[in-house]
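Undergrad: The structure is given below, and queries will be raised subsequently.
Quick note: the coordinates plus some simple rules give every number you see, no bench work behind them. What you are looking at is a predicted structure, and each value in this text was computed from that prediction instead of being measured. All Cβ positions, even for glycine, are placed from backbone atoms using ideal geometry, and neighbour counts span all protein chains on display.
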């Protein structure tokens, strides 16, 4: 069986502090998988190791067949990531944020406008393209953030507490967009 993510005995230490201790799991392609745990239990640290942003102290893993310790750039190009804190540029418009992330993810210039249109429709942001991001509500920022994280059509989407800090209606709307 081919797995999208395969983690074996992953551990991360920061000096004497063990942030992640011997975690193992497998995620099949097409599955939705979630971590549950209290604050400080290592969920974000595992995500950062999966993305190749930090190296594990021990353990191994692969993402889409790429070795986490050797192929982090290839892994990152195939992952969309939405952090628990909005990583949008508040002083840019909705459209400018989409352009920026399209550039970060190297979306071919001839596909950018089509992708932006798809995302604006999917996130129900049509008509808000010229709004400054800081003027959007938390729910709208959340929709824009997920749009920015998928503009390059990643094979894997990692969401780190994507509904934290938004009201119940915005939370429901977010999951409607995802599914």
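Undergrad: Any idea what log10 I(q)/I(0) is at q = 0.14, 0.19 Å⁻¹ for region 76-170, Debye with uniform C-alpha scatterers and no solvent?
TA: Rounded to two decimals, the profile gives -0.45, -0.85.
Undergrad: So for 106, 72, fewest C-beta neighbours within 10 Å to most, what's the order?
TA: 106, 72
Undergrad: Would you mind calculating the gained length between residue 77 and residue 89 on full extension (0.36 nm times residue separation, minus the Cα-Cα distance), in nm to one decimal?
TA: 2.2 nm
Undergrad: How high is the relative contact order of the chain, given as a whole-number percent (alpha carbon pairs under 8 Å, six or more residues apart)?
TA: Contact order relative to length: 21 percent.
Undergrad: While we're looking at this one, here's another question. Relative to the first principal axis of the alpha-carbon coordinates of the chain, what is the inclination of helix 94-104, with its axis defined by its Cα atoms, in degrees from 0 to 90 and to the nearest 10?
TA: On a 0 to 90 degree scale, this one is about 40.
Undergrad: Here is a follow-up. For region 3-77, what log10 I(q)/I(0) values come out of the Debye formula at q = 0.19, 0.20, 0.21 1/Å, with one point per alpha carbon and no solvent?
TA: Per q value, in the given order, log10 I(q)/I(0) is -0.75, -0.83, -0.91.
Undergrad: Per q in 0.12, 0.16 Å⁻¹, report the Debye log10 I(q)/I(0) for the chain, using one uniform scatterer on each alpha carbon and no solvent.
TA: -0.61, -1.02
Undergrad: Ok, one more. What is the helix-to-structure angle for 168-178, meaning the angle in degrees between its Cα long axis and the longest Cα principal axis of the chain, kept from 0 to 90 and rounded to the nearest 10?
TA: Orientation of helix 168-178: about 80 degrees from the principal axis.
Undergrad: Here's another thing I want to ask about it. With a ≥ b ≥ c taken as the square roots of the eigenvalues of the C-alpha gyration tensor of region 124-179, please select rounded if a/c is under 1.5 and otherwise prolate if a/b is larger than b/c or oblate if it is not? Don't skip to the end; give the middle numbers.
TA: Numbers: a/c = 1.77, a/b = 1.14, b/c = 1.55.
Oblate is the answer for region 124-179, as a/c is 1.5 or above yet b/c matches or exceeds a/b.
Undergrad: Also, quick follow-up: Sequence gap at least 6, Cα distance under 8 Å: using those rules, report the relative contact order of region 3-77 to the nearest whole percent.
TA: Working: 133 pairs, mean separation 26.8, N = 75.
In percent, rounded to a whole number, it is 36.
Undergrad: If you don't mind, there's one more thing I want to ask. What is the distance in Å between the Cα centres of region 25-75 and region 85-133?
TA: 27 Å
Undergrad: With both bridge residues required to lie in the chain, what share of the DSSP beta bridges run antiparallel, to the nearest 5%?
TA: Here the antiparallel bridges make up roughly 80 percent for the chain.
Undergrad: Which distance in nm do the two modelled labels at residue 17 and residue 106 give, with both placed 7 Å along the Cα-to-Cβ direction?
TA: 3.5 nm
Undergrad: Report, to the nearest 10°, how far helix 138-150 tilts away from the longest principal axis of the Cα atoms in the chain, using its own Cα long axis and a range of 0 to 90°.
TA: With both axes taken from Cα atoms, the answer is about 70 degrees.
Undergrad: Which FRET efficiency, nearest 0.05, do residue 35 and residue 137 yield, Cβ-Cβ r, R0 25 Å?
TA: Computed FRET efficiency for residue 35 and residue 137: 0.40.
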